[in-house]
Structure formats: structure tokens, C-alpha cells
1. Can you spot the lysines whose alpha carbon is less than 16 Å from A:K81's alpha carbon? Ignore those fewer than 8 places along the same chain.
2. Among B:N49, B:F194, A:I50, which residue has its Cα positioned farthest towards the positive end of the charge dipole of the protein assembly as shown, with +1 placed on the Cβ of Lys and Arg, -1 on the Cβ of Asp and Glu, and the dipole taken about the Cα centre?
3. Please compare each pair in B:K135/B:K162; A:K30/A:K144; A:K12/A:K51; A:K59/B:K77; B:K117/B:K232; A:K198/A:K223 to a cut-off of 31 Å on the Cα-Cα distance and tell me which ones are over it.
4. With a cap of 13 neighbouring Cβ atoms within 10 Å, and only residues DSSP puts in a loop, list the trypsin sites (Lys or Arg not before Pro) found in the range A:28-84.
5. Calculate, for A:E39 and A:S93, the FRET efficiency according to 1/(1 + (r/R0)^6) with r their C-beta to C-beta distance and R0 35 Å; round to the nearest 0.05.
6. With runs of 4+ DSSP H residues as the only contributors, calculate the mean residue ellipticity of the protein assembly as shown at 222 nm using -39,500 (n - 2.57) per run, divided by the residue total and rounded to the nearest 500.
7. Under a GNM of chain B (C-alpha, springs under 10 Å), which listed residue has the highest mean-square fluctuation: B:L222, B:L122, B:L141?
8. Test of the criteria: in the range B:1-60, which chymotrypsin sites (Phe, Trp or Tyr not before Pro) are in a DSSP loop and have at most 12 other Cβ atoms within 10 angstrom of their Cβ?
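Readers should treat all values here as calculations from the given coordinates under stated rules, not as data from a laboratory. Model, not experiment: these values are computed from the prediction. Every residue, glycine among them, receives a Cβ derived from its backbone with ideal geometry; neighbour counts consider all protein chains shown.
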Amino acid sequence: MSDADNKVNYLKKLYKEIVLGFSVSEYSGKPIFIKHFSELDNGEQEACRIKYEEVAANKGLQTREDKMNLLLKEGYWSMEKETEIEKIKKEISDLELIRRNLVIKRQILQNKQKVSEATSKLNAILKEKEEIFGFCLEDFVGKKINEYTIFNSFFKDKALQNKLFSEEEFDVLTELELGQLVNCLNNFYVNFSHSQIKRICACPFFPSLYNLSGDNAYYFYGKHVVDLTILQVNMFSQGKYFKALVESRGQQGLPPNDVMEDPDKMIEWFEAESETPKFTADGVSYVGATKEELRKMAGNNNAISVLDYAAKKGNSMTTKDFIEMHGI
Amino acid sequence: MKEKWLYSFEVEKTQKVKETVPDKDASGNDIEVTREVEKKVPNKFHILNPTRKIQDDASIFYSVKVSEGIKLGLVTKSYLMRKFQQEGVLPSAEDKKVHAENYSKAIKLEVDLEKIKQDTNLSDAEKELQSAPLKSEYQELRNKIFDYENLNASLFDNTAEKRANDLLNLWFVLHLLYAEKDGTQSCLFGDGSFEQRLERLNAIEDSGNEFLTTVVERGGFLIGRLNSGVSKEEIDL
């Protein structure tokens, strides 16, 4: 079996799970069923968040904001440090933005080094802040929401009717047992990341099925939109997007067969279709770039060094020649 | 699943119990006589293995008490830590290294002493002979470890975190100490808030009830040990 076939078979399994609305895993040697959440489930989670916030507030647990006010008042924290955190975050974000436009290896490395230094600095301040602020209302709510997600994700049956644990049983799970469930859920989320959904939609079997639905989610899943899981919605939307990209090519049609058979190549093709980097200016130069890097930037073999250009001009270049070389 | 109890123990209580003993009546016939006698009866107590909900409540309680301490004007541990670091009061890297070595040596000696104790090929006299030097070395190390830990702990005695931690230990005693009666277990301090349970503890202390005072002292000691990471097996030893 080819590499592409293996990929497709694996993605077919994920496709099946998305359509069914649950995944199967194992716990203590027995099969367990992981529910795929819907937007309605997310709404329930939000309701719980409010409930937990009330519980914590009634017990006197401070919010981060209240704790900050107390610590500022008592002189254990300062607004300067808050400003410093924001400043470093902005610096990192700017550097990462700049890196996207860099092509010269040395500059990329320098940029990465700066990001790494800024990140270390940021982590040190955040660690100090965490120690000083301690356990706040938001931490408690976050912890409880995680537990709520774990509790409501696992079922004993594929009909998703019987939870794996009663509330009492869940409350006395050991850290090890809880850790196993968290691992199980983490693997599940990795399997169904956005990139995996893209890969499913890029499989050769998917468009055939999708096209039969006539862009109608009800025909595709046999369920009303409100009853769809978030993964089902995401997969349908992604399928629709890919279909639109293919259609936008008009007469040019589909990519070659070898691309269509491999979901990863198909994604590359889709991405190229949606982004298509176009270098319209012929005369651009970058100080410090190697010839290889210039070629990469030019996207063709038109890169030429100043020396080569000068040789063409009889080893003597006027200002006019420079302007010409840059295509101005 | 967690075991329900972290630890169980018994405290003897002098109680009046009915005792039936064989006897003879005036005519010399065998009879059974039942009378009330005072006897020491073992009463069972348990330390609850905290559920996740109890652990959450404990985390909230601790955090609330830290904030309360700060409002009261106590310094924070992290502030003091940085101050001590700047002033060079904290133990040096060398001190820390020596402490860690002492700790490892003490654990190794504990294991060696246990091996000697369990060795069936040795007579009691031989065991005593072999373990005596190890015991003395062990005691010396324990003293060094205790001094080091005591000194470092005392640096942070007046912090908001230390106060909160002391209150947390009390919180655990008030929530985790269970008494068993007729096969059913219930919290020794009943239900309710920390303050309500604390009132019941105060009532026990004020009552002068020796039995209950012993239970609370023993329970408090055990909870403190278990909280500081001492295992059930170590406590038994």
C-alpha cells in the first residue's frame, strides 16, 4: 500500500468518527466513547463557568483584577511591571511579524535569537507574577471547566447516554487516573486539529461525497445544523471552501492525479491556489542576501548579482545603470 | 479510585459496658450475671482522603487567607525571598548541596538499619552491634537536617503564606477527621463553615474532655504528617 493510501485510510477513520459524532478510546482495558461537542454543549459550559465564578466569589476568592489592586496598594506589584509585560509581548509579536517577511537566513536567525531572549525575559516576569498573585478566581474557574470538559467527554456507550463516571466517582479519581483521561482527550484533540480536518477534506473520497450534498449540511449529515458537532461544522465548512477553490479555477480544472491522490499534496495545491505568491517587480535587491536566497525571493531564475550585471555593462556602472537594474 | 481513608487509628475510651460473667446462685446453680463495669474500649477514627471538591475548597481557603494576611499587613513570601536573596541571607548553593547530601545519606542509613532489623541470620546481639554506629550517625544527620530546615522555615515565619498555611492545617483537621460509631462515619466537627467547625473544636478544648482532646491532638498530628508528605507506612513505623 502506498504512503498516500495509508494517509487516506487513516483519514477515512477520522472522517467516520466525525460523521458519527464520537471517537473510541480505551480506559482500564475497556473501550470508552469520547463525545464530540456541539455549540450547544459549549453553551452549557459557559453556563457552568458563571456558576463556578459565583461559587468562588461567594467563598471570597479574589479575581485577578481585585488581587492586582490589593498587591498594587500594598506595593508587592507595580504598574511598571504590567507595562513591561505588555511591551515585551508587543516586541515578540512585532518580531514574529517581521520574520514572516524575512528570507535571508542570517536575519532570520538574528530575529529568532531576539524572540528567544524576549520570551525568556517575559517568562521570568510572568513567573514572578504567578508566584505573587497565587490562586485567583480565574484559575479556579479554568480548573473546574477543564474538569467539566473531562467529565462530560467520556461515555460508557456509543449512544452517549451513560457517562463513564458518576459525579461521586469522578470526585475521587486519583491524579494518575485523571491524568490518563487528560492524555486520552489530548490525543483526541490532536487527531482532530484543524490541519487534520483540512487533510480529510483534501482526500479523494471527500469531494465525491460532498458534491452530492449540494452544499447542504442537512443532506450531508442527515441532521439539522443546530444538532451538528463543532467538528462536523468545521469539516463541512472546509469542504465548501475547497470546493469553491476548485470551481474558481474554471476551465483549468483539477490538479494532476498524483496530487489528487495525496491529501498533503492536495493541501499544498489548495494553499498555492489561495495564496499564490506573485513577484511582479523584476528589480528588487536585498543587502546581505545570498544568490540562492535572491533566487528564492525572485521565485524564478532571474536573480542576478551586481557583479554579473556590471560585467554586462563592461564592468562600469553609472547611476542610470543602477536605476535600470532595479527596474525603476 | 482513591481509597476513602488516608489513615485510621484507635483511641481508647473508658466506658461503662455491660459484662456477663458465669456465677453460682445461693443454691450453687450455674447462673450468668450481667453488670456494668468500666472498661477501656477502643474507638475508631479516620482521616478522610480528600476528594477533589475538598481539595478545591482547601485551595480557595488558602488563597483567601493569604489575601487576608496581606490586608493585615503581613509581608509575602516571594517579597521576603527576593529581599533575602539580595541580602545574601538565604543558604548558599554549597549549603543546599550539603543539605541534599545529608538527606540522601540519612535515607540510605534508614534502609541499612531496616535491612539489619529484618535479617533473620543475625541474633539480637549481633543486630544491636551492627546497628549502633549507624544509629548514632543517623541521629547526627537528623539533627543537621532539622537545624537547616528549622532555620530556613523560621525566615518566613511572619509571612502571609505561613499564616495561611497554619490556618490551612487547621482547616484540614476540621474537615478530614472522622469518627466511627456503629459502623458509620461522620466528621468529628460536623458540617458547616470553617468558623462553625472551629466553634465545635473550641467547645471540645473548653470541655476538658480528655478523650476527645486526645483524639483531636492525635488526628491533628497525623494530618500534619500526612500533609507534609509522610507516607502511611512511615507513620506506622
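1. Counting by Cα, and skipping residues close in sequence, A:K81 has these lysines nearby: A:K67, A:K73, A:K89, A:K90, A:K121, A:K127, A:K129.
2. A:I50
3. Working: B:K135/B:K162 33 Å; A:K30/A:K144 26 Å; A:K12/A:K51 40 Å; A:K59/B:K77 23 Å; B:K117/B:K232 20 Å; A:K198/A:K223 22 Å.
Checking Cα-Cα distances, B:K135/B:K162; A:K12/A:K51 exceed 31 Å.
4. On the way: sites: A:K35, A:R49, A:K51, A:K59, A:R64, A:K67, A:K73, A:K81; in loops: A:K59.
Passing sites in the range A:28-84 do not exist.
5. On the way: r = 30 Å, r/R0 = 0.85.
According to the calculation, E is roughly 0.70.
6. On the way: 25 runs with 362 residues, N = 565.
One gets -21000 deg cm²/dmol as the mean residue ellipticity at 222 nm.
7. B:L122
8. Working: sites: B:W5, B:Y7, B:F9, B:F45; in loops: none.
When the chymotrypsin sites (Phe, Trp or Tyr not before Pro) of the range B:1-60 are filtered for loop state and at most 12 Cβ neighbours within 10 Å, nothing remains.
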